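Here's the structure we're looking at; comments come further down.
Every read-out reported here was derived from the displayed coordinates using simple, explicitly stated rules and does not represent laboratory data. Please read all numbers here as calculations on a predicted model, not as lab measurements. Here the Cβ positions follow ideal geometry from the backbone for every residue, glycine too, while neighbour counts run over all protein chains shown.
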Amino acid sequence: MSHDFYGSRGSDAADDEARIRALITGWAAAVHRGDLAGVIADHAQDLVMFNVPPPHHGIRGLAAYRAAWPPFFEWQAQGARFDIESLDITAGTDVAFAHALVRCATPEELAAHPGFLLRLTFGLRKERGRWLVAHEHHSFPHD
């Protein structure tokens, strides 16, 4: 669902939401494939990411973001899933945020904890008409 707190923008808001949805679902598909180029596409140079593994103070910049993915791809090669269960988007004129729940686990982990979901939050900004991820946050609930 798109929201515009400054009045109705009609199809512009729907178009922005559709573009952001395509960007995030394309990113998730690239993660699932282990496609590093696809994962880093549509991310800002000054990206900040708070991830599940360290460093807990976050990853800053596209080069550090790129370097964080190969260990995840190695783990995922064991047969882990990375499937979006839900995705909600709020888009403004030039900034947006989205949050998703993702099934991110090996078959054994899912069998033991079927409701276990990764939480994702994205902060996006529009630069020269193109949406880019400027902030990404990944977390698991800590029970």
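Identify all residues within the range 40-57 that are aliphatic (A, V, I, L, M) and within 16 Å of E127 (Cβ to Cβ); write none if there are none.
Scanning the range 40-57 gives I40, A41, A44, L47, V48.
Exactly one condition in (1) closer than 24 Å to H113 by Cβ; (2) in a loop (DSSP other than H, G, I, E, B); (3) of a type outside the set (D, E) is false for H57; which is it?
H57 satisfies every listed condition except (1).
Among (1) farther than 16 Å from E136 by Cβ; (2) out of contact with any helix residue (DSSP H, G or I) (no Cβ under 8 Å at 6 or more places or on another chain), where does Q76 come up short?
(2)
Which of the following residues is free of Cβ contacts under 8 Å to residues at least 12 places away in the same chain, exposed (fewer than 15 other Cβ atoms within 10 Å of the Cβ) and small (G, A, S): A22, A41?
Only one candidate passes the filter, namely A22.
Restricting to the range 91-118, count the residues that are within 14 Å of I24 (Cβ to Cβ) and either surrounded by fewer than 17 Cβ atoms within 10 Å (Cβ to Cβ) or more than 14 Å from the chain's Cα centre (by Cα) (or both).
4
Pick from the range 88-143 the residues that are in contact with a Pro (Cβ under 9 Å, 6 or more places away or on another chain) and assigned to a loop (DSSP other than H, G, I, E, B): which of them is farthest from F50 (Cα to Cα)?
Of everything passing the filter in the range 88-143, F116 is farthest from F50 (Cα to Cα).
Which number in (1) over 13 Å from the mean Cα position of the chain (by Cα); (2) assigned to a helix (DSSP H, G or I); (3) small (G, A, S) marks the one condition that G79 misses?
Of everything listed in (1) over 13 Å from the mean Cα position of the chain (by Cα); (2) assigned to a helix (DSSP H, G or I); (3) small (G, A, S), G79 misses just condition (2).
Would you say E85 is within 16 Å of H32 (Cα to Cα), among the charged types (D, E, K, R) and exposed (fewer than 15 other Cβ atoms within 10 Å of the Cβ)?
For E85, the condition - within 16 Å of H32 (Cα to Cα), among the charged types (D, E, K, R) and exposed (fewer than 15 other Cβ atoms within 10 Å of the Cβ) - is met.
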